[in-house]
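Here it is, the structure in full.
The values are calculated or read from the model by the stated rules, or taken from the named source; none is laboratory data. These figures come from a predicted structure and were not determined experimentally. Because the Cβ atoms are built from the backbone with ideal geometry, glycine has one as well, and the counts that use them run over all protein chains shown. All accessible areas refer to the heavy atoms of the entire protein, side chains included, with ligands and DNA or RNA removed. Shrake-Rupley method; radii C 1.70, N 1.55, O 1.52, S 1.80 Å.
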Amino acid sequence: MASLTKLNFDYTQLDADRQKYATGEFRKGFGVFKGYTMPESFSLIQKQIDDFEVYDDDLWITTFPKCGTTWAQEMIWSICHDLDYSTNEQELDERMPFIEYCCILCPPNSKLVPLDPGFLSNSVQLSRDMKRPRIIKTHLPFDLLPRQIRTFERRPKIIHIYRNIKDTCVSFFHHQRLLEGFRGDFDLFWKLFITGKLSWTPMDDNVHSYWKHRSQPNFLFLRFEDMKRDLRSVVLQTCDFFKKSFPESEIDKLVKYLSFDSMQKNPWVSKLPLIEYCKKIGICINQEGKFIRKGAAGDYKNIMSEDIQKIFDDYIKEKLKGTELVL
Ligand code: A3P
């Protein structure tokens, strides 16, 4: 990471600031697991996830946070349920459990467990117990997935969605102030992000851990920017992946259903119970914030100076050299 070394970050200070601005009852501190930062309480579930029984008929939606996970989940769910929208009328996190949720917001044995809206503290169990075929969400890199996936002993479908790293960083900043108790400013946030000190980072390694397997037939890669530019094509590509086809008019209806305005109004995907929980435990810093926030490509220009943009551009150019991955 030569370009970051040149920037001379004070790593000790960054660690101290992270402890000051990004921890609380819900998260005592951070650790590093196979090269990725996670809340330290990930250690309590790492083995359960490693040993997790996977089925070939599972579908795993794997993303770095803020890459359009929820948007893609709603598209995938609708396609898999043959566009019967009555099945969408349930909290998204209950339909498609987020396997490592507990260690992010409601660690096992913590005082917060009694306030759990129902899908946080038992997220591994919930994922295990879902009726098959299960749809499971994770932000973990490939290296931290259940062993049966890593060794290809089981071959569930895996859909990975990725997004421009600068937009992801900005979206993650807003997210962390809404739902993860981050009390610092953007200047601290981008430094923690690029030095790999936030949960699931380094982002480029995380995405690349999947990218390496993109030629496997059970993998599908989608880009947030393609969904923005031409959602219909991405919908059709996803239908193909599931070997499903629908009349044109039904595809039109789905594209409309997935539009930003419609998603923002949709109570089942807006994470209202989660926002309520975060307010209750005092970690919702931006009380006016929305989960489906702006949905733009290029929004980073509104908050990142040109100097910071260049740091990101240089960093990513160097880290992804020799891959065809564009972030
Ligand atoms: P912004 O914070 O940039 O607005 P995730 O689900 O992975 O947390 O991603 C959330 C991001 O996806 C947010 O980005 C959110 O607004 C955006 N998003 C969700 N639904 C969208 C839609 N229908 N169109 C465009 N962006 C959408």
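Return the total of residues in the stretch 25-50 being open to solvent by less than 30 Å² (accessible area, probe 1.4 Å), assigned to a strand (DSSP E or B) and not polar (S, T, N, Q).
Just the residues of the stretch 25-50 that are open to solvent by less than 30 Å² (accessible area, probe 1.4 Å), to begin with: 26-27, 29, 31, 33, 36-39, 41-42, 45, 49.
Keeping just the survivors that are assigned to a strand (DSSP E or B) gives 27, 31, 33, 36-39.
Pick out the ones that are also not polar (S, T, N, Q) and you get 27, 31, 33, 36, 38-39.
Count: 6.
Oh, and also: Test SER209 against the criterion of being touching a Pro at 6+ places or on another chain (Cβ under 9 Å), not β-branched (Val, Ile, Thr) and not in a loop (DSSP other than H, G, I, E, B), and give yes or no.
Criteria met by SER209.
All but one of (1) buried (at least 24 other Cβ atoms within 10 Å of the Cβ); (2) within 16 Å of the ligand (Cβ to nearest atom) hold for PHE119, so report the exception by its number.
(1)
Further question on the same structure: Go through the stretch 246-288 and give me each residue that's in contact (Cβ under 8 Å) with a residue 60 or more places away in the chain and hydroxyl-bearing (Ser, Thr, Tyr).
TYR257, TYR277
Which ones in the stretch 255-303 are within 13 Å of the ligand (Cβ to nearest atom), over 20 Å from the mean Cα position of the chain (by Cα) and surrounded by 13 or more Cβ atoms within 10 Å (Cβ to Cβ)?
VAL255, TYR257, SER262, LYS301, ILE303
Of everything in the stretch 226-245, what is among the basic types (Lys, Arg), within 19 Å of TRP60 (Cα to Cα) and without any contact (Cβ under 8 Å) to a residue 24 or more places away in the chain? Give them in sequence order.
LYS243
Tell me which residues, restricted to the stretch 304-313, are open to solvent by less than 60 Å² (accessible area, probe 1.4 Å) and in contact with a helix residue (DSSP H, G or I) (Cβ under 9 Å, 6 or more places away or on another chain).
Step one: filter the stretch 304-313 for residues open to solvent by less than 60 Å² (accessible area, probe 1.4 Å), giving 304-305, 308-309, 311-312.
MET304, ILE308, GLN309, ILE311, PHE312, listed by residue number.
Any residue at all in the stretch 98-108 that is surrounded by fewer than 22 Cβ atoms within 10 Å (Cβ to Cβ) and under 21 Å from GLU276 (Cα atoms)? It would help to see each step written out before you state the result.
So the first thing to find is which residues in the stretch 98-108 are surrounded by fewer than 22 Cβ atoms within 10 Å (Cβ to Cβ), and the list is 108.
If we keep only those that are under 21 Å from GLU276 (Cα atoms) too, we end up with 108.
Yes, the stretch 98-108 contains at least one residue that is surrounded by fewer than 22 Cβ atoms within 10 Å (Cβ to Cβ) and under 21 Å from GLU276 (Cα atoms).
Another question, then. Could you tell me whether the stretch 79-89 includes any residue that is among the acidic types (Asp, Glu), open to solvent by 50 Å² or more (accessible area, probe 1.4 Å), within 27 Å of ALA296 (Cα to Cα) and away from the ligand (no atom under 15 Å from the Cβ)?
yes
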